[in-house]
1. From the residues in the range 170-197 that are surrounded by 16 or more Cβ atoms within 10 Å (Cβ to Cβ) and not hydrophobic (A, V, I, L, M, F, W, C), which one is farthest from the chain's Cα centre (by Cα)?
2. Whether any residue in the range 235-249 is modelled with pLDDT under 95, buried (at least 20 other Cβ atoms within 10 Å of the Cβ) and farther than 21 Å from Val313 by Cα is what I want to check.
3. Only one of these conditions is not met by Arg91: (1) at pLDDT 80 or above; (2) surrounded by 18 or more Cβ atoms within 10 Å (Cβ to Cβ). Which number is it?
4. What number goes with the only condition from (1) at pLDDT below 95; (2) at negative phi that Glu255 does not pass?
5. Of the residues that make up the range 52-62, is at least one out of contact with any Asp or Glu (no Cβ under 7 Å at 6 or more places or on another chain), modelled with pLDDT under 85 and not in a loop (DSSP other than H, G, I, E, B)?
6. For the range 67-81, check the following and say yes or no: at least one residue is closer than 18 Å to Arg222 by Cβ and modelled with pLDDT of 85 or more.
7. From the list Leu219, Leu186, pick out the single residue that is within 23 Å of Gly240 (Cβ to Cβ), in contact with a Lys or Arg (Cβ under 8 Å, 6 or more places away or on another chain), touching a residue at least 60 places away in the same chain (Cβ under 8 Å) and aliphatic (A, V, I, L, M).
8. Can you spot a residue in the range 125-134 that is modelled with pLDDT of 75 or more, of a type outside the set (Phe, Trp, Tyr) and loosely packed, with under 15 Cβ neighbours inside 10 Å?
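The values are calculated or read from the model by the stated rules, or taken from the named source; none is laboratory data. Since the model is a prediction, treat every value here as computed from it, not as a measurement. Cβ coordinates were reconstructed from backbone atoms using ideal geometry, including for glycine residues, and neighbour counts include every protein chain displayed.
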Amino acid sequence: MSGQPRRIRLKPWLLAQINSGKYPGLHWLNQEHRLFRIPWRHATRHMPTLEEENTIFKAWALETGKYQEGVDEPDPAKWKANLRCALNKSREFSLHYDGTKDTPVQPYKIYEVCDQSVNGDAGEDEEEELPNFVNLSIVTDLDIKFQYRGRTAGSLTVSNPQGCRLYYGNLAPTPEQVELFGPVTLHQVLFPGTAEIQNEKQRFYTDHLLDVMDRGLILEIRGQDIYAIRLCQCKVFWSGPGVLEQGPPNPMEREKKIWVFSLNNFLQGLIMYQKGEAPTPPPFEIYFCFGEDWPDRKPKEKKLIIVQVVPVVARILTEMFSGELSWSTDSIRLQISNPDLKDQTVEQFKELHRLLQSQNAHATWAQNIH
């Protein structure tokens, strides 16, 4: 058993380790902007290799008393989980890049040192954050609808904290083919076939596009954001929040990660709408057009293949604050207490809750006086 965990301030300790140069791969990228790189290779629960012996993760476990040399059994995966939890909980560090979730995987992360501090920023209770909770996110459910020239060909709701891959064909991802088909942890979503298409010419061209979608399109969920990555040979164009349908064609560069939805931005827009500072609720639908220019001032109903993606939490909140959905704390599971949520997101939810309570109180008062 390890000794009694010690209360250690993470920020001064970690900055000292970066400056020491003792740990391979842990170094400043831009000291003026307070960015540093930390190696983040996969760790397993076994006796550590020589490479795993001299790591910042082990040093943190030793410093906080979570591991005692010669007493406890070495556990590199647990060491890493402890430091990851401490970084996630601290307001003094902000994750800028997570290569472990990139395609292809990059075994490092980039953090920024923030000026904010939080009372009791310490290395306690890291063990209690299990991997399942680390990866939980409020943006987990996506409504996906396939439209072939304006007709719905299929729809489903994907519930996966990692995201999904939209593809066509018989090639399934494997751990050895991540660069080709993305991570195996993604929900695999197959495009509908064309058997229901009556028009022969439409069916011919649609089949031609589907034939080059073997690698597919990845929708990656990371915290409160959604990213899209085009792997397939078929060209993909998109519109959504920040990319208006009245604009010029908006193509996706192949194998480049595109930021297509931000929950923080959506919540801020919803607050402005509720306060009367914006004329309409913020948009949240994302549209992907396969094999044809989009937007191009032509209706979506004329396109061979359109995929609509809707973050479910955004739809529910919009309905709630537009009066289309009665308030029920039992009907919405927003996971607001998730420790991965940034403080800004929490504050925005608190503001929305306050506005809704005020709205309900006013409605009750108006009903009583009548």
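1. Thr194
2. Within the range 235-249 (the criterion being modelled with pLDDT under 95, buried (at least 20 other Cβ atoms within 10 Å of the Cβ) and farther than 21 Å from Val313 by Cα), the answer is no, since none of the residues qualifies.
3. All conditions are met except number (2).
4. (2)
5. Within the range 52-62, one or more residues are out of contact with any Asp or Glu (no Cβ under 7 Å at 6 or more places or on another chain), modelled with pLDDT under 85 and not in a loop (DSSP other than H, G, I, E, B).
6. No, that holds for no residue.
7. Leu219
8. No, there is no match, as no residue in the range 125-134 is modelled with pLDDT of 75 or more, of a type outside the set (Phe, Trp, Tyr) and loosely packed, with under 15 Cβ neighbours inside 10 Å.
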